[in-house]
1. Among Arg58, Arg220, which comes first, then next, by fewest other beta-carbon atoms within 10 Å?
2. Where does each of Thr246, Thr48 land when they are ranked from fewest to most other beta-carbon atoms within 10 angstrom?
3. Once both labels are modelled 7 Å past Cα along the beta-carbon direction, what's the Ala233-Glu282 spacing in nm?
4. So if I place +1 on the C-beta of Lys and Arg and -1 on the C-beta of Asp and Glu, and nothing else carries charge, what would the dipole magnitude of the range 3-297 be about its Cα centre? I want it in debye, nearest 20.
5. Report the semi-axes of the equivalent ellipsoid for the range 3-297 in whole Å, largest first, where each axis is √(5λ) for an eigenvalue λ of the Cα gyration tensor.
6. At R0 = 30 Å, how high is the FRET efficiency between Arg269 and Ala152 if r is their beta carbon distance? Nearest 0.05 is fine.
7. Using a simple spin-label model with points 7 Å from Cα along the Cα→Cβ vector, what separation in nm is obtained for Glu62 and Glu106?
8. Between Ile7 and Glu204, take the C-beta separation as r, use R0 = 35 Å, and let me know the FRET efficiency to the nearest 0.05.
Amino acid sequence: MPDFCGIELAHPVINASGTYDAIAARQVFGDEVLADFPFSAFVSKTITPEPRAGNEPRRIWETPAGMINSIGLPNKGLEGFLAEDLPRLAELPVPLIVSVMATNREDFARMVTGVAERDEVAAIELNVSCPNVHSGLIVGEQPTETEALLEALRPLTEKPLIVKLTPNVAAPEAVALAAEEGGADAVSLINTLKASAIDPADDEPAIAAGHGGLSGPAVRPIALQQLRAVRAAVDVPLVGMGGISTVADAAEFIAAGAALVAVGTESFRDPKAGARVAKGLETALSRMQSRVQALHLD
């Protein structure tokens, strides 16, 4: 039973934020979802200080070995989340990690304070992919911005703070190190890669926003490379994600240094993918450990 930042989990498979709607799943399938929940912890969709409607359709475009999405973070805002969604998510049979995003340190502080004071919340994920309105810089692309944000937020709560890294930088390990030095308890990676597509039916952008984020098996080799680089740079636990579809995929990420793995895009195709991966992962990890021990004996 893995221990992640002091949180005991039944197995090392969680969801990637925004890829599994636990509230909608329960509305459709009833309490069966609770009895056979596919993840050992649940990461909420990212919430922002104020409500957001999200981007205009078309928001999703399928690509070979993946998909591009530009959903636009539709959510009820902090107050709406606390009043409406949190009570329902608190009924899940696993620890709850709430993902938050803001465009300045003051709003990030309001988000962290508002979420952290709720007993239902086990940890907070910081989605740092948005520009800082004061500097104009993407927080998660600039080590100095990332470290300054963590230094501002760390005193606000003793609950674990997980920084979700963007892959759209030359050296994600530098950003991860800055997060660690600022006080982050863990780092998760990767988020989606910047991508575009053209609809051959009209030669117009396939996504209404013009571009979006690529996810799915196509990004897995990139995610593994960045995870290995970050693992070599920091000591905090890592959550690995990016194209995990099978038990073998998940085992690769753990071999590369992840403490936990997150299933994302695969859940759109198979809502029980998390459970399927978790079920086979214990055996795969046992075999991996046996191989390591055999090598040491030799």
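What follows draws every value from the coordinates through simple rules; no lab data is involved. Bear in mind that the values here come from a model prediction, so they are computed numbers and not experimental data. Because the Cβ atoms are built from the backbone with ideal geometry, glycine has one as well, and the counts that use them run over all protein chains shown.
1. On the way: Arg58 16, Arg220 22.
The fewest-first ordering by Cβ neighbours comes to Arg58, Arg220.
2. Working: Thr246 18, Thr48 21.
Ordered by Cβ neighbours within 10 Å, fewest first: Thr246, Thr48.
3. 3.6 nm
4. Working: 23 positive and 38 negative charges, 130 e Å.
That gives a dipole near 620 debye.
5. Working: eigenvalues 135, 109, 96 Å².
Semi-axes (√(5λ), whole Å): 26, 23, 22.
6. Numbers: r = 39 Å, r/R0 = 1.31.
For Arg269 and Ala152, the calculated efficiency is 0.15.
7. It works out to 4.6 nm between the two label points.
8. On the way: r = 46 Å, r/R0 = 1.30.
Computed FRET efficiency for Ile7 and Glu204: 0.15.
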